[in-house]
Each structure stands twice: as C-alpha cells, then as structure tokens.
Amino acid sequence: DERGEAIEANTQALSTALDIDFEDYATGPLRSPWTVTTSGNATSSIVSTSDHGKALRVAHSGSRDYTFSQLDVAPTTTALEFEFAIKPKNSASTFNITLRGQKTSYDNPRFGLSLSPNSNEIRVTSAATPGNGHCGTVPYNKWSTIRWKLVRLSPTSSSWRVDVYVNGAITTACTGVSTKLRSAISLIIGDNQQPSANTETLFDDLLLTYE
C-alpha cells in the first residue's frame, strides 16, 4: 500500500543535522549558539542529573512567565526524523518543542508538540489533527523518548505527512499528520502553555537527521 511504499522509500541512510547530548555544555544558563528569550523568572539552563548526565532544564515559577530557546541549523532536506528525550517533573510541567522551516510571505511551515499543565498528554500544536492531535502520554519524573518522522505518502507523491511516536508507540491521531514542513532551519524549545506555575521539564539527546 502507499504507506508501506513510503516507509520503504525512506529507509535510506540519513545525514545528521543536529546531535546534542549537552555533555560538552557548561552548567549554568544556556548560551550561544542558542538564542534565549525569557519573561519574569523563567530560565533555560544546563544542569547535571543523576540519571541522564547533563540536560537542558526549562523552568519557571510565575504563572505567566515563560522562556524560548532557539537553535538555528543548516537547512535540511525532506524525510526528516527528529528524536529527543524529556522528563517532565510533575503535573505542573509544560513545554512546546517546534521545528520551523523557511518562512515566506504567505507561509510559515512548522511542526510542533506540546505538553500542557495538569495533563501528561503529548499533543500536536501546529496542525489540525483527528482526536485533537493526542499522540500518547508520558510519565512524570521519568525519562521518555519522542520521535517524529516526515514521510512522503508515496515515492511519486508531493504530499508529506508526520508520524509521531511516544515511547515507541503511535496513535491513530498522530499517524500521517498533515504538515507544510519540508526543510527545518531552526529548533525552538519553550514553556509558554499557560497558566502554569512552578514548572520544570528536562530535555536531552536532541537528534535531527534527514535523507
């Protein structure tokens, strides 16, 4: 079928655009080459953990505070795969993580996922999807792995879709999600799902590959 052909067509060797485990980052505030924007007492910082080496900690205490950290990458081709590890501390935890493409006068291609306060559901935030884009759940205070893959519907098709896996599982709502993203030029990590207070989420092992 078409999905089987798409999977087979995208099993070629991949090139790496981004591979960050933060082990060579200095502890403390996240610095260049990242660009960090904060409001209130929000922070994006590198911390040492007891179970995952160094990691990126995104946190704030005020209910309207937030932070965004952006990293530009060399433009990729299509057939993207993006994987990362997360550890939301508790039910207050929240985050947005987005890959953005080249913006034009009429389009702003992107694909993103989010976790809202008082919910452990990972949801698509950049496209209208069945089931409200519910991609699965993650436990609190434990590490989880999330991966999304941009696939062509068929070898000759001009249409691309995203499959999202949460700890290796995929839901119907997050299978073949429509997207305009074709090439990623930046990664953005934030925590502006409001209202939220005393929130903390750890990120690690950011891996972006493409054909």
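Where a number appears in this text, it was derived from the coordinates with a stated rule and is not lab data. Fair warning: this is a prediction, and the values are worked out from it, not measured in the lab.
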Among the listed pairs K89/K180; K54/K149; K103/K149, which have their C-alpha atoms separated by more than 29 angstrom in this model? K89/K180
Let me see the P(r) profile for the chain: every Cα-Cα distance counted, bins of 10 Å, each bin given as a percent of all pairs. 9, 35, 38, 16, 3, 0
Taking the alpha-carbon distance from K142 and a cut-off under 12 Å, which aspartates and glutamates remain once sequence neighbours fewer than 8 residues away in the same chain are dropped? D51
Residue span T77 to T49: 0.36 nm per residue of separation minus Cα-Cα distance leaves a gain in nm of 6.7 nm
Go through region 15-32 residue by residue and turn each phi into a ³J(HN,Hα) via Karplus (6.51, -1.76, 1.60, θ = phi - 60°); whole Hz please, and just put x for glycine and proline. 9, 9, 9, 7, 8, 10, 10, 6, 5, 9, 8, 6, 5, x, x, 5, 10, 3
When the distances between all Cα atoms of region 91-211 are binned every 10 Å from zero, what whole-number percent does each bin get? 12, 44, 34, 8, 1
